[in-house]
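A.B. asks: My questions all concern the structure below.
The values are calculated or read from the model by the stated rules, or taken from the named source; none is laboratory data. All of these numbers come straight from a predicted model, not from anything done at the bench. Don't worry about glycine lacking a Cβ; one is built from the backbone with ideal geometry, like all the others, and counts go over all protein chains shown. In case anyone asks, the SASA skips ligands and DNA or RNA and just uses the protein heavy atoms, side chains included. Shrake-Rupley method; radii C 1.70, N 1.55, O 1.52, S 1.80 Å.
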Amino acid sequence: MKPNRPLFLACLLAVFSGGYLLGHRGAPPRAALEAASARPGSLLKPEVAPAGSLAASVPELSIDEIIARLSGECRRGVWRRTAQWDVILARLSPADFGRLLEALREFVLSPLQDELRRTLLARWAEGDPRAAIDFARSLPVSTLRDQLLLSALQGWLHADLAGAVSWIKEFPPGAVRADALRVALPLLAAQNPRAAVHLVPLLPLARRQDAYESVFAAWAEKDPADAALAVAGLDLRPQDRRVALGAVARAWAMKEPRAALAWVDSLPAGLERNEVFGAVVNNWAAVAPRDAAEFVLALPPGPLRGRALVLTASAWPVNDPDRALDFIAKFPPGRDRDEAAGMVLGNLANVDASGAFERASALPAGAARADALKNVILVWGSREPEAALAAASALPAGEARLATLGNALGVIAREDPEVALDYVLSAAPGSERNELLRSVSVELAREDPAMAAVFARALPAGSGLRDAIGAIAYGYTRLDPSAAKEWLLTVPEGELREHALANLGEQRARIDPEGTASWAASLAAPSERRRALQHSLSAWAATDAPAAAAWARRLPNGAARQEAFAAIIEAKSYHDAPGALALATEMSPGETRDLALQSLANSWARDDAPAAFAQVQALPPGDLRTTLANHLVTTLAEHSPGEAAAFASAIPPEQLSPAAVGSLADFWGRADPAAATAWALRLPDPKARATALTLTAESWGRVDPARAGAFLAGLPKGADRDQALGHVISAYSVGHPKKAAEWVGKLDDPAARAAAADAVERSWSRHDPAAAAAWRSALRARG
């Protein structure tokens, strides 16, 4: 039985008598929703005529009548698509949809009318995709415009795949084209995978892995051997090659697992081959577990066999748990067997939670039993919280008990908070009780933030309270925005209030963007103003960046104006990087602008690095150009260090930042240490050269210290060479101290030679202390 809410709130306030008040509003928001759904003509429950008589019962309407009716519904609230509207819209021509969208532009651009714009544009695109696309492109640059472009494009792709793909190729590089390719590639791959593969390089580097996986999965569904040959013939980055091979392996294993294994045997030995082997075994076990198990058990002992055992068990069908557990019993004791048991029982919990719990409880006490119980009861708690709660209560203290109790209590609290509260209050004060309070607060905040706030009131300061406040802020803004400000005043000043402000700003801006931005700019505390502005303006700029920028320009010069521009630039960076750069030129120099430029560089370098550097080079010389260029190099180095180095060469050496040098040396040193070292040697600035050499030498020393040492030892003598070679000697000495010792004498700098000698002696002494001591003595004798 649900409690009387006002009385229950009062009781809760009496129970939690200390601390501060996090919420105290009255009638639950769900009561208003229930009342709305009961009203005649409610949008939540539209009246729909029986299907057989529907078309005949819907009158013919002129375009003007449809516009008037849609306008009226949008003014009353959120427009909803109904069966009657489907009949009305099905009667219209493509040209009619063009008239509708132009006439209803005010509502089409409203953040609230998402269903209206998607419905009208999708219908238009079915009949006249180019016209629908042109309309979407005519809208102000924003995330909303980009979403509409993709909606129209989806209709075009299904109607005319070749024409739509040609249009995508001609579209300017950037986030919109990348999203369009993401939508088009699966459709093209199903018809012409070879053509789809050649489209993938049009994507930014950061998005290519998912694309290659999708395309080769579709290709391998039709012809896995042909797909495998195609992967071998492409010059792919290592990470792209791995996902492509994995996609082929998974599809091939489902069709012909033994043929797939023969293909795996033809691959070069190494990590890549091991990953592909695991993918084949895992998917084979999903369709023929006993055959896969027989094969895996016959493998020679070793790490590869252990991983294959776990993958086979994890993929075993849930309707055959006894055979899966019998298979696991044949494993040697250890981590692999424990991990496999937890996976099998966790999968079984999806169809028989109580049975899985009994099986897990019967395992021998220890880490394996604890992990298996955790896996089972977490699944159970999401479906039958009261049963899971009873089972979890009997568990010993620990992570499994805590996670399960929190999940089950959160579900129960939505229906009967009194039961949840009684359970929490029965727990002894401490970490378990605090975690349960956090879980219940977060779960309740979705539907009843006032009640959630009362539970959160008992939480001590820390991450749990922070989580609860964030969830409550979101709940208030979504369900009762007028109460959000009042609740905010009850949150203590400091980091917690800033966190609440960030959540409130982002959510309220979706309803009243200008009012929310003005409220955020009026906050007196600098840190609170900055957080609120950042989140409210980011949300506003995502739907209407020009309006947000116009508002920011009206602010007086000062911190609030700078922070407003920075927030808008961050939002625009993902879909209109040139526009974001134009806004950056309106900012004053300083830390706020530098952070905004860093945000712009992070997205621009990933989406279209050549265009980014071209526009940066077109800027007038000065701090803005130098700062953004360095940020672009720093970001691009992670994905394409060779390209980043080429761009870095255009920056005057004295203006190349330490962060850019360090990022290039670090990431390039991991991918191609020889090329990175050669680049480092060419740096004209002595300090930058020394830093880069040290970092590349460290990376090379971890990957191939023998080659690294031989290369560095052959360089002209000097402090830079000695410092880099010293790092390699230290790395090499861990496994090969005797060989590393041969290079110590090549170091001229006494300090570098002594440090390297110490490293060699320490490593050598672990295996042969007498030889190490003799070598060090001889080294000292030579001076």
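A.B. asks: Report R433's accessible area, 1.4 Å probe, all protein chains in place, as a number in Å² to the nearest 10.
C.D. replies: 50 Å²
A.B. asks: In addition: Can you pull the one-decimal nm distance between simple spin-label points at A397 and R446, each 7 Å off the Cα toward Cβ?
C.D. replies: Those two pseudo-labels are separated by 3.1 nm.
A.B. asks: Nearest 20 debye, what's the magnitude of the dipole of segment 703-783 about its Cα centre given +1 on Lys and Arg Cβ and -1 on Asp and Glu Cβ? Before the final figure, lay out the partial values.
C.D. replies: On the way: 12 positive and 9 negative charges, 39 e Å.
Magnitude of the dipole: close to 180 debye.
A.B. asks: Let me ask something else. Which value, in Å to one decimal place, does the Kirkwood hydrodynamic radius take for segment 696-783 when every pair of different Cα atoms is included? Mind dumping the intermediate values first?
C.D. replies: Details: mean 1/r = 0.0794 Å⁻¹.
Every distinct Cα pair counted, the radius reaches 12.6 Å.
A.B. asks: Let me ask you something else. Quick check: net charge around D226, other residues with Cβ under 14 Å of its Cβ, Lys/Arg +1 and Asp/Glu -1? The partial results should precede the final answer.
C.D. replies: On the way: positive: R194, K222, K255; negative: E221, D223, E256.
Result for the neighbourhood of D226: 0.
A.B. asks: Next question. Roughly how many nanometres apart are two label points built 7 Å out from the Cα toward the Cβ at L271 and D160?
C.D. replies: It works out to 4.7 nm between the two label points.
A.B. asks: While we're on this one: Sort K739, K572 from largest to smallest accessible area, using a 1.4 Å probe on the heavy atoms of the protein chains.
C.D. replies: Numbers: K739 105, K572 20 Å².
Result, largest first: K739, K572.
A.B. asks: Separation between the K255 and R69 pseudo-spin-labels, each 7 Å from Cα along Cα→Cβ, expressed in nm?
C.D. replies: The answer from the label model is 5.0 nm.
A.B. asks: Same structure again: Could you state the number of Å between the C-alpha centres of segment 219-272 and segment 162-197?
C.D. replies: Computed from Cα coordinates, the inter-centre distance equals 23 Å.
A.B. asks: Using Cα atoms only, what is the angle between the long axis of helix 367-383 and the major principal axis of the chain, expressed in degrees (0 to 90) to the nearest 10?
C.D. replies: 20 degrees
A.B. asks: Still on this structure, I have one more. Can you give me the P(r) profile for the chain? Cα pairs, bins 10 angstrom wide beginning at 0, each as a whole percent.
C.D. replies: Taking every Cα pair in the chain, the percentages come to 2, 10, 13, 18, 24, 20, 9, 3, 1, 0, 0.
A.B. asks: Where nothing but the Cβ of Lys and Arg (+1) and of Asp and Glu (-1) is charged, how large is the charge dipole of the chain around its Cα centre, in debye to the nearest 20? Please list the in-between numbers first.
C.D. replies: Values: 84 positive and 89 negative charges, 223 e Å.
Dipole about the Cα centre, nearest 20: 1060 debye.
A.B. asks: Further, regarding this structure: Using +1 at the C-beta of Lys and Arg and -1 at the C-beta of Asp and Glu, which of V197, W679, W167 has the Cα lying farthest in the positive direction of the dipole of the chain?
C.D. replies: W679
A.B. asks: Using r as the Cβ-Cβ distance of T82 and E106, and R0 as 22 Å, what FRET efficiency do you calculate, to the nearest 0.05?
C.D. replies: Details: r = 22 Å, r/R0 = 0.98.
After rounding to 0.05, the efficiency reads 0.55.
A.B. asks: Follow-up. Go through S441, S426, L459 and say which Cα lies farthest out towards the positive end of the charge dipole of segment 407-464; charges sit on Cβ, +1 for Lys and Arg, -1 for Asp and Glu.
C.D. replies: Farthest along the dipole direction, towards plus: L459.
A.B. asks: Can you tell me how much longer the chain between L234 and R433 gets when fully stretched, taken as 0.36 nm per residue apart minus their C-alpha distance, in nm with one decimal?
C.D. replies: Length difference between fully extended and current span is 66.0 nm.
A.B. asks: Now, a different point. Please list, in order along segment 610-625, the HN-Hα scalar couplings obtained from phi with the Karplus expression 6.51 cos²θ - 1.76 cosθ + 1.60 (θ = phi - 60°), rounded to whole Hz, x for Gly and Pro.
C.D. replies: My calculation for segment 610-625 gives x, 5, 4, 5, 4, 6, 5, 5, 7, 6, x, x, x, 4, 4, 5 Hz in order.
A.B. asks: Hey, what do the phi angles of segment 677-687 turn into as Karplus ³J(HN,Hα) couplings, whole Hz, using 6.51/-1.76/1.60 and θ = phi - 60°, x for Gly and Pro?
C.D. replies: With coefficients 6.51, -1.76 and 1.60, one gets 5, 4, 5, 4, 5, 8, 5, x, 7, x, 5 Hz.
A.B. asks: Is the shape of segment 58-192 best called rounded, prolate or oblate, per the rule: a/c under 1.5 gives rounded, else a/b larger than b/c gives prolate, else oblate, with a ≥ b ≥ c the square roots of the Cα gyration tensor eigenvalues?
C.D. replies: It comes out prolate by the Cα gyration axes.
A.B. asks: Mean 1/r over all different Cα pairs, inverted: what Kirkwood radius does segment 116-216 give, in Å? Walk me through the numbers on the way to the answer.
C.D. replies: Numbers: mean 1/r = 0.0733 Å⁻¹.
Taking the inverse mean of 1/r over all distinct Cα pairs, segment 116-216 comes out at 13.6 Å.
A.B. asks: Additional query: Using helices alone, I'd like the mean residue ellipticity at 222 nm for the chain: each DSSP H run of four-plus residues gives -39500 (n - 2.57), total over residue count, nearest 500. It would help to have the intermediate numbers written out before the result.
C.D. replies: Working: 47 runs with 591 residues, N = 783.
Mean residue ellipticity, 222 nm, calculated: -23500 deg cm²/dmol.
A.B. asks: Also, I was wondering about something else. Could you give the length gained by full extension between A262 and A646, i.e. 0.36 nm per residue of separation minus their alpha carbon distance, to one decimal place? Walk me through the numbers on the way to the answer.
C.D. replies: On the way: separation 384, 0.36 × 384 = 138.24 nm, distance 4.21 nm.
Gain on stretching A262 to A646: 134.0 nm.
A.B. asks: Grab the Cα-Cα distance for V183 and A90, subtract it from 0.36 nm times how many residues apart they are, and report the gain in nm with one decimal. Show your work: numbers first, answer last.
C.D. replies: Working: separation 93, 0.36 × 93 = 33.48 nm, distance 2.54 nm.
Extra length from V183 to A90 when fully extended: 30.9 nm.
A.B. asks: Report the longest stretch of the chain that contains none of the GluC sites (Glu not before Pro) sitting in a DSSP loop with at most 14 other Cβ atoms within 10 Å. Write down the numbers at each step before the final one.
C.D. replies: On the way: sites that count: E47, E60, E493, E586.
The longest uninterrupted stretch comes out as 61-492.
A.B. asks: Please list, in order along segment 329-341, the HN-Hα scalar couplings obtained from phi with the Karplus expression 6.51 cos²θ - 1.76 cosθ + 1.60 (θ = phi - 60°), rounded to whole Hz, x for Gly and Pro.
C.D. replies: Residue by residue, segment 329-341 yields 4, 7, 5, x, x, x, 4, 4, 5, 5, 5, 5, 4 Hz.
A.B. asks: So, one more: Once the dipole of segment 229-372 is set up with Lys and Arg at +1 and Asp and Glu at -1 on Cβ about the Cα centre, which of P303, G342, W316 lies farthest towards its positive end?
C.D. replies: The residue sitting most towards the positive pole is P303.
A.B. asks: Compute the separation of the alpha-carbon centres of segment 580-652 and segment 525-549 and state it in Å as a whole number.
C.D. replies: If we compute the Cα centre of each part, the gap is 23 Å.
A.B. asks: With axes computed from alpha carbons, what is the tilt in degrees of helix 161-170 against the longest principal axis of the chain, rounded to the nearest 10 within 0 to 90?
C.D. replies: Helix 161-170 sits at roughly 60 degrees to that axis.
A.B. asks: Given a Förster distance of 56 Å, report the FRET efficiency between R766 and R194 from their Cβ-Cβ distance, rounded to the nearest 0.05. Can you show the working numbers first?
C.D. replies: Numbers: r = 55 Å, r/R0 = 0.98.
Rounded to the nearest 0.05, the efficiency is 0.55.
A.B. asks: Based on alpha-carbon centroids, what's the gap between segment 668-736 and segment 54-99 in Å, whole number please?
C.D. replies: If we compute the Cα centre of each part, the gap is 70 Å.
A.B. asks: Now for a separate question. Can you tell me the orientation of helix 719-733 relative to the chain, as the angle in degrees between its alpha-carbon axis and the longest Cα principal axis, to the nearest 10?
C.D. replies: Result, in degrees: 90.
A.B. asks: Please work out the FRET efficiency for the pair E654 and D512, using the Cβ-Cβ distance as r and a Förster radius of 45 Å; give the result to the nearest 0.05.
C.D. replies: Once rounded, the FRET efficiency stands at 0.40.
A.B. asks: Cut-off under 17 Å on the C-alpha distance; same-chain residues fewer than 8 positions from K222 excluded. Which aspartates and glutamates are left, in chain and number order?
C.D. replies: Filter leaves E213, E256.
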